[in-house]
1. Which of (1) assigned to a loop (DSSP other than H, G, I, E, B); (2) touching a residue at least 12 places away in the same chain (Cβ under 8 Å) is the odd one out, the single condition residue 165 does not satisfy?
2. Of these, 107, 128, 158, 117, which one is at pLDDT below 95 and either surrounded by 13 or more Cβ atoms within 10 Å (Cβ to Cβ) or farther than 30 Å from residue 46 by Cβ (or both)?
3. Going through the range 91-138 one residue at a time, which ones are in contact with a strand residue (DSSP E or B) (Cβ under 6 Å, 6 or more places away or on another chain) and assigned to a helix (DSSP H, G or I)?
4. Return the only residue of 156, 122 being within 29 Å of residue 202 (Cα to Cα) and either under 16 Å from the mean Cα position of the chain (by Cα) or not assigned by TED's automatic domain parsing to the domain that holds residue 233 (or both).
5. Confirm whether residue 137 is in the same structural domain as residue 74 (by TED's automatic domain parsing), closer than 24 Å to residue 27 by Cα and modelled with pLDDT under 95.
6. Taking residue 193 as the residue in question, decide whether it is out of contact with any strand residue (DSSP E or B) (no Cβ under 7 Å at 6 or more places or on another chain) and closer than 29 Å to residue 5 by Cα.
7. May I ask you to say which residue of 141, 105, 117 is more than 30 Å from residue 185 (Cβ to Cβ) and touching a residue at least 12 places away in the same chain (Cβ under 8 Å)?
8. For residue 176, indicate whether it is in contact (Cβ under 8 Å) with a residue 40 or more places away in the chain and farther than 30 Å from residue 278 by Cβ.
C-alpha cells in the first residue's frame, strides 16, 4: 500500500500524514511503514526526477510494502513554474508532459493512491500569515492553488479530494481512516498487476500499446525495466506527449520482447482484453510469437520512426492511436500493412 498526500503549504498535510502513519502502525504492527517527503529536486534534470519518483521504487512490491508520502511529483507542476521557471518549458517542470504522464501511469499500475488535501485560499492564507514561511509568500498562494487545480485535472489516478473543516482537528482521525480504507481498496484492485512488473498503465485500459524492447544506450535504459522512459527527446518522450488528453490516462504500455518470461496473453486477459496496438513491426513479430492472431491487433509505426521521419505529424500520430483504440479501422493510412 502506497499513500501520497498532495496539497499546498498550510493545508494540513503534516497533521494528516502523521495520523495516517499512526493508524497504519496500529493496523500493521509487524510492518515497517516507510515515509517519504518530497521537496525541491537535488538535480535540475529530467533523469533525476524520474529516478526520484519512479525508478528508485520500481522494484518494490506495494502489495507487501507500506509507505506514506508527504507530496510526490506534483511539485513539478505546482511550484516549478512559479519558483524555478528556468526548469519549466510546458507547465510540467523538469518532468515535462511526457515525464508527468509516465510517472502517473507507473503509479497507477502499482495501485498507488494519490489524495489532494484541499483548503480554500482564505484558509491557507490565514494559516501561512500566522505561522510565517521562508519559501512561499502569501501573495503567491492564489497562483499555487490554481496550479494544484491544474495538476488534479491532469492526474490519472487522483482517488479523492479531501477537505476537512479548517478548524476541526477532531475530524483528522476519521479522515485518515477514510484515506487508508480507499488506499487498501486501490491496492487490492491493482494486485493482479503485480505479476507483470514491466507493465505500466491502467488496471483496465482502453488500449494496450505494445512496444518492442528498450533502446539501451550509454545515456539511458539500464536504470529501468519499464517501457518508454521519456528522456532526451527519445521515442518514449515522443509517444507520451503525442497521446491526446484525456485518452492517455487510460492506456497500458508493455514491451513485448523485453522479458521472455512474461505471459502477454495472461496480461491481456488480466487487463480485460483491451484493444491492442503494436508499435512497429518488431512489436508485431513479438505478438505473433506469443500466439496473437493478426485480426486481434493493428500495427502503427513505432514512435521512433514517426519522430525521425514525420516529426511534424506528431499530433496526427497521437490522434491515430486514439482512433484505433476506440475502433480498429484497417483502412486508416497510419496502419502498417
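1. The one condition residue 165 does not meet is (2).
2. Numbers: 107 fails: at pLDDT below 95; 158 fails: at pLDDT below 95; 117 fails: at pLDDT below 95.
Among 107, 128, 158, 117, only 128 is at pLDDT below 95 and either surrounded by 13 or more Cβ atoms within 10 Å (Cβ to Cβ) or farther than 30 Å from residue 46 by Cβ (or both).
3. 105, 106, 109 - these are the residues of the range 91-138 that are in contact with a strand residue (DSSP E or B) (Cβ under 6 Å, 6 or more places away or on another chain) and assigned to a helix (DSSP H, G or I).
4. Numbers: 122 fails: within 29 Å of residue 202 (Cα to Cα).
Matching residue, one of 156, 122: 156.
5. So residue 137 fails the test.
6. Here the answer is yes, as residue 193 does meet what is asked.
7. Numbers: 105 fails: more than 30 Å from residue 185 (Cβ to Cβ); 117 fails: more than 30 Å from residue 185 (Cβ to Cβ).
Going through 141, 105, 117 in turn, just one is more than 30 Å from residue 185 (Cβ to Cβ) and touching a residue at least 12 places away in the same chain (Cβ under 8 Å): 141.
8. On the way: in contact (Cβ under 8 Å) with a residue 40 or more places away in the chain: yes; farther than 30 Å from residue 278 by Cβ: yes.
For residue 176, the condition - in contact (Cβ under 8 Å) with a residue 40 or more places away in the chain and farther than 30 Å from residue 278 by Cβ - is met.
The values are calculated or read from the model by the stated rules, or taken from the named source; none is laboratory data. This structure is a prediction, so every number in the text was calculated from the model and none was measured. Cβ sites come from the backbone with ideal geometry, for glycine too, and all protein chains shown count toward neighbours.
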